[in-house]
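J.: To start, I am sharing the structure in question, which I have written as structure tokens.
The values are calculated or read from the model by the stated rules, or taken from the named source; none is laboratory data. Just so we're clear, the structure is a prediction, and the values are computed from it rather than from any experiment. Ideal geometry is used to build each Cβ from the backbone, glycine not excepted, and the neighbour counts take in all protein chains shown. When the accessible area is computed, the model is the full protein with side chains, heavy atoms only, and any ligands, DNA or RNA have been set aside. Shrake-Rupley method; radii C 1.70, N 1.55, O 1.52, S 1.80 Å.
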There are 2 protein chains.
Amino acid sequence: MKNLEFLTDLYQLTMMQGYLQHGYEEKDAVFDLYFRNIPNGGGYAIAAGLEQVIEYIETLHFTDEDIDYLSGLNLFNTEFLVALKNFHFSGDIDAVPEGTPVFPYEPLVRVKARIFEAQLVETTLLNLVNFETLIATKAFRVVTAAGGGSVAEFGLRRAQGPDAGVLGARAAIIGGCQSTSNVLAGQKFGVPVSGTQAHSWVQCFPSELESFRAYAKSFPDQCLLLVDTYNVLKSGVPNAIKVGLELEAAGHHFLGIRIDSGDLTYLSREARLMLDEAGLYDAKIVGSNDLDEHTIWAIRAQGAPIDSWGVGTHLITSKDTPALGGVYKLCAEGQNGVFEPRLKVSENTTKITNPGIKKIVRFYDRGGKAMADLIALEDEYFKEPLTIFDPLQTWKKKTLTNFTTKEILKPIFRSGKCVYNLPSIQEIQAYTQSEMATIWDEVKRLTNPHRYIVDLSPKLYNLKQELLQQISDQVNEVEESCK
Amino acid sequence: MKNLEFLTDLYQLTMMQGYLQHGYEEKDAVFDLYFRNIPNGGGYAIAAGLEQVIEYIETLHFTDEDIDYLSGLNLFNTEFLVALKNFHFSGDIDAVPEGTPVFPYEPLVRVKARIFEAQLVETTLLNLVNFETLIATKAFRVVTAAGGGSVAEFGLRRAQGPDAGVLGARAAIIGGCQSTSNVLAGQKFGVPVSGTQAHSWVQCFPSELESFRAYAKSFPDQCLLLVDTYNVLKSGVPNAIKVGLELEAAGHHFLGIRIDSGDLTYLSREARLMLDEAGLYDAKIVGSNDLDEHTIWAIRAQGAPIDSWGVGTHLITSKDTPALGGVYKLCAEGQNGVFEPRLKVSENTTKITNPGIKKIVRFYDRGGKAMADLIALEDEYFKEPLTIFDPLQTWKKKTLTNFTTKEILKPIFRSGKCVYNLPSIQEIQAYTQSEMATIWDEVKRLTNPHRYIVDLSPKLYNLKQELLQQISDQVNEVEESCK
């Protein structure tokens, strides 16, 4: 997470030079970072990555080496390179705190800054927020499927590069995983690390029994034995029971076994019977082997006696939806504090942006459950009874009464200074749990969830319609002038 | 790519302490890194990531801060922590050069070292080789689909974290992409960077035409205009034509347009007609918008006049198969240079490992096309005629004559010293092209490719059968003793 100033697309730099040449460098812009589709076929996403965004913004600068590199591309002029050498971020950023449930079209990050600055940070902000939000969301799904059983993240070897392993482990903890196998994530973020032995340990000793005894000797109080190197029920579990009984006889607590291949329902049931028969009632069974939320859910539904889970590839890559698809769109521009709303049209109506400087208001019922969100303009306030409507199917209306509200976006930077107190990773994990408790189970269902209501305020809706009409008129003028 | 010593799973460290306690730290081990399934439903993978592996191994050491962190976990003893403080890699590594086509079960990396050392590096080696191999493979597929059209990688904003963006861009270049939008990858690896403007540039000016004119003024010889901010055919293309003609009249070469939404076949055909009608025959059309190899293939099959392609999310995440699934398995262990083969059994026959210290021999026909690979023991040599057979369906035989051979694994480290000359990224890209030219088109087909033959040598096959029988006998002994 150092020297990320070049973690950007070249076109950000060419546009910046263009802004400078056309006297636009002092123009202010407001950009929204949001996603259009919820990953994994689910009903929510969980915001994450803000801590890395803050670190990036705070350390953002260009070195002489950077300027030399750009100079060698023969694209940039001296005026621009000097401006870049003096660059620091001096704008405002608002963002949704990590661990907050979020929904399509809601700005997770809002950047208000000179367009020269706001343009540069687009790519890095998207990269960081897209990935961590994706993995925190997936992790919450996996942890939900595991019910009370704890989940250990151990996907580092399948992660998409070193940062994906480390930031993915962080996001997995935010989403509710109990620990990670990733030592670097442990060191960097202070999260619990866990792990015992691999098949190579077992293979390396003359026999499975000797390998188990050796492990028990080295780690008598953290002894969880991997039982599937040769044959789970004929060799692994019998040998583990021998060593477990020896440990218990010596006054230690035998943790249990891990099954990493074969049918986990069948093998865990048989293993449980064998452990119980030997009197090892407290020995736990850990299941792993290419698990995702759906397999864990199905195995638990079959009553498999698995106490905790190790999840790798599917979690660390969000395998079924490996990208969140967040975008960063200009919604207003101005100068000296006066802003004009801006809109981007598209052939695809879902790609049309929401104009203006916006906020997100979440409405809660008396029981503290979230009923709906409104994307509204910054200066709007709402009183009950409030009738809201779907922005695409405007006949779909709902009247809210008896509500309390919360604004979801919080100030993070003001004039380039961080004004936000970073919570610890444990605090974020707890915040995720309390925030997700406000979301109805229907929305949290793994498949075919109820769609949470996110509407536009009437004022924002009307502004959007007006701008669409204006642009349509302009397009017709261009077409006419070409005839 | 600094301080990756902790980019490992905790269990590597607990096992290392165990090896030390049981006097196994001087024992030597041989591990194979290989994958079992080809990604993206394809017929090949392209090895990548070796340069990062070398950098990791060469700089691998533990700092005082690292030792303090581990000490605080209350898992490790002083003897182990001292051994870690003195750690450096002193073993041998062989690997397949980057850009080589590889197939399931073939060791891409082979590590022969003290088990204490070989165990530690497992996770990082897998992380690096899995990801870059995945993306180089995907990139070759995309570039294949694009035919002669060039492909620019621009997925950084959707990459799984910063390293995924940078290493993914590197792998994309290895696989044949012409450029990347990623400035950090450009700076770090010397690859060409490219990019022009985004929708925000167009939105930021009072009109689309003014935004195009401003861009043309700033970059008269790199002017590629994004035409879909308001309406491609009614506004974007007519405005681009105006500016293109102005540029040409002023003696510059107008590069062309980029279409980033809507139906690319329809829009590119209409845009081509309009550009040609205006006399802008040399103006190029770049297509982008959630493209993968299948969409590019289909759009080209419809005769769309698109000259080059920008590919983001699908390429940088290998969206249809976001993990390679490589594993790192013990295949031999020994002491003082004498090794014994080792095997891991599994309920799933495809998960049984190949024992012994192995090499890969590739057989070429007279025309220089690759016919088959044999995974063989290190001391084997082959003369024609040679009859090979499928290791799972042993009745499937093939006799090879008139062949030349090449051993695919090359020495990379000897006694901890790097003995390999790193090629430049341009050399690796060229090597990929020449290596892939040896592979039949049938194997390179995007869907339902012909399966390339990878068999075991008879000697290796027999060794594997013997060990399977021995383990089966041992398992039965354990079972008997438990009755």
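J.: Of all residues in region A:51-96, which are part of a helix (DSSP H, G or I) and either at positive phi or basic (Lys, Arg) (or both)?
T.: A:Lys85
J.: Give all pairs with beta carbons closer than 6 Å in which a residue from region A:346-362 that is open to solvent by less than 10 Å² (accessible area, probe 1.4 Å) meets a residue that is of a type in the set (Val, Ile, Thr) and in a loop (DSSP other than H, G, I, E, B); count only pairs at least 6 apart in sequence or on separate chains.
T.: A:Ile360/A:Ile408; A:Arg362/A:Ile408
J.: Moving on to the next point. Within the group B:Asp290, B:Asp307, B:Asp373, which residue is open to solvent by less than 50 Å² (accessible area, probe 1.4 Å) and closer than 28 Å to B:Asp441 by Cβ?
T.: B:Asp373
J.: Can I ask one more? Output the number of the condition that B:Ser211 fails; it satisfies all remaining conditions of (1) assigned to a helix (DSSP H, G or I); (2) touching a residue at least 24 places away in the same chain (Cβ under 8 Å); (3) in contact with a helix residue (DSSP H, G or I) (Cβ under 8 Å, 6 or more places away or on another chain).
T.: (2)
J.: Turning to a different aspect of this structure: Checking A:Lys234 against (1) in a helix (DSSP H, G or I); (2) surrounded by fewer than 20 Cβ atoms within 10 Å (Cβ to Cβ); (3) more than 7 Å from chain B (Cβ to nearest Cβ); (4) not acidic (Asp, Glu), which single condition isn't satisfied?
T.: With respect to (1) in a helix (DSSP H, G or I); (2) surrounded by fewer than 20 Cβ atoms within 10 Å (Cβ to Cβ); (3) more than 7 Å from chain B (Cβ to nearest Cβ); (4) not acidic (Asp, Glu), A:Lys234 is out only on (3).
J.: Can you confirm whether region A:322-344 contains a residue that is away from chain B (no Cβ under 12 Å), modelled with pLDDT under 95, open to solvent by 30 Å² or more (accessible area, probe 1.4 Å) and at positive phi?
T.: Checking region A:322-344: at least one residue is away from chain B (no Cβ under 12 Å), modelled with pLDDT under 95, open to solvent by 30 Å² or more (accessible area, probe 1.4 Å) and at positive phi.
J.: Here's a check for you: in region B:5-38, which residue that is surrounded by fewer than 22 Cβ atoms within 10 Å (Cβ to Cβ) and within 23 Å of B:Ala136 (Cβ to Cβ) is farthest from the other protein chains (Cβ to nearest Cβ)?
T.: That would be B:Ile38.
J.: Still on this structure, please answer the following. Do we find a residue being under 28 Å from A:Phe89 (Cβ atoms), open to solvent by 30 Å² or more (accessible area, probe 1.4 Å) and in the same structural domain as A:Asp94 (by the TED database) anywhere in region A:444-451?
T.: Looking through region A:444-451, none of the residues is under 28 Å from A:Phe89 (Cβ atoms), open to solvent by 30 Å² or more (accessible area, probe 1.4 Å) and in the same structural domain as A:Asp94 (by the TED database).
J.: Only one residue in B:Phe89, B:Phe76, B:Phe62, B:Phe80 is in contact with a strand residue (DSSP E or B) (Cβ under 8 Å, 6 or more places away or on another chain), within 24 Å of B:Gly18 (Cα to Cα) and modelled with pLDDT of 95 or more, so which one is that?
T.: Exactly one of B:Phe89, B:Phe76, B:Phe62, B:Phe80 is in contact with a strand residue (DSSP E or B) (Cβ under 8 Å, 6 or more places away or on another chain), within 24 Å of B:Gly18 (Cα to Cα) and modelled with pLDDT of 95 or more, namely B:Phe89.
J.: Then there's this: Open to solvent by 70 Å² or more (accessible area, probe 1.4 Å) and either closer than 30 Å to B:Val121 by Cα or not basic (Lys, Arg) (or both): which single residue out of B:Asp379, B:Asp390 fits that description?
T.: Every option except B:Asp379 fails the conditions.
J.: Do we have any residue at all in region A:85-92 that's within 28 Å of the chain's Cα centre (by Cα), under 17 Å from A:Asp373 (Cα atoms) and open to solvent by less than 10 Å² (accessible area, probe 1.4 Å)?
T.: no
J.: Could you tell me how many of the residues in region A:208-229 are open to solvent by less than 40 Å² (accessible area, probe 1.4 Å), facing another protein chain (nearest Cβ under 8 Å) and not β-branched (Val, Ile, Thr)?
T.: Residues flagged as open to solvent by less than 40 Å² (accessible area, probe 1.4 Å), facing another protein chain (nearest Cβ under 8 Å) and not β-branched (Val, Ile, Thr) within region A:208-229 amount to 7.
J.: Given the options A:Ser457, A:Ser415, A:Ser434, name the one that is in the same structural domain as A:Tyr56 (by the TED database) and either buried (at least 16 other Cβ atoms within 10 Å of the Cβ) or β-branched (Val, Ile, Thr) (or both).
T.: A:Ser457
J.: Restrict the check to region B:39-48 and report whether at least one residue is in a loop (DSSP other than H, G, I, E, B) and over 29 Å from B:Lys444 (Cβ atoms).
T.: no
J.: Related question: If you go through region A:138-153 one residue at a time, do you hit one that is within 11 Å of another protein chain (Cβ to nearest Cβ) and not aromatic (Phe, Trp, Tyr)?
T.: There is at least one residue in region A:138-153 that is within 11 Å of another protein chain (Cβ to nearest Cβ) and not aromatic (Phe, Trp, Tyr).
J.: Can you name every residue in region B:460-476 that is out of contact with any helix residue (DSSP H, G or I) (no Cβ under 9 Å at 6 or more places or on another chain), closer than 30 Å to A:Ala271 by Cβ and surrounded by fewer than 16 Cβ atoms within 10 Å (Cβ to Cβ)?
T.: Passing the criteria: B:Gln465, B:Glu466, B:Leu468, B:Gln469, B:Gln470, B:Ser472, B:Asp473.
J.: Taking region B:123-155, which residues are open to solvent by 10 Å² or more (accessible area, probe 1.4 Å) and either part of a helix (DSSP H, G or I) or closer than 25 Å to B:Ala323 by Cβ (or both)?
T.: Within region B:123-155, B:Phe140, B:Val143, B:Thr144, B:Ala152, B:Phe154 qualify.
J.: Quick test of your reading of the structure: B:Pro355 fulfils all but one of (1) in contact with a Phe, Trp or Tyr (Cβ under 9 Å, 6 or more places away or on another chain); (2) at pLDDT 90 or above; (3) within 13 Å of chain A (Cβ to nearest Cβ). Name the failing condition by number.
T.: (1)
J.: Consider only pairs whose beta carbons are under 8 Å apart and that are at least six residues apart or on different chains; among these, list those whose first residue lies in region A:442-456 and is within 12 Å of A:Gly41 (Cβ to Cβ) and in contact (Cβ under 8 Å) with a residue 60 or more places away in the chain and whose second residue is open to solvent by 90 Å² or more (accessible area, probe 1.4 Å) and of a type in the set (Phe, Trp, Tyr).
T.: Every condition considered, the pairs that remain are A:Leu446/A:Trp297.
J.: Within region B:183-195, can you find the residues that are in contact with a Ser or Thr (Cβ under 9 Å, 6 or more places away or on another chain) and facing another protein chain (nearest Cβ under 7 Å)?
T.: B:Val183, B:Leu184, B:Val193, B:Ser194, B:Gly195
J.: Next up: With (1) open to solvent by less than 10 Å² (accessible area, probe 1.4 Å); (2) within 12 Å of another protein chain (Cβ to nearest Cβ) as the list, and A:Val96 as the residue in question, which single condition is left unmet?
T.: Here A:Val96 meets the rest and fails (2).
J.: Still on this structure, I have one more. Quick check on region A:50-71: of everything there that is out of contact with any Phe, Trp or Tyr (no Cβ under 7 Å at 6 or more places or on another chain) and at the interface with chain B (Cβ under 10 Å from one of its Cβ atoms), which residue is surrounded by the most Cβ atoms within 10 Å (Cβ to Cβ)?
T.: That would be A:Gln52.
J.: Suppose we keep only residues that are over 18 Å from A:Leu209 (Cβ atoms) and of a type in the set (Lys, Arg) within region A:244-282. Which one would you say is most open to solvent (accessible area, probe 1.4 Å)?
T.: Here the residue is A:Arg269.
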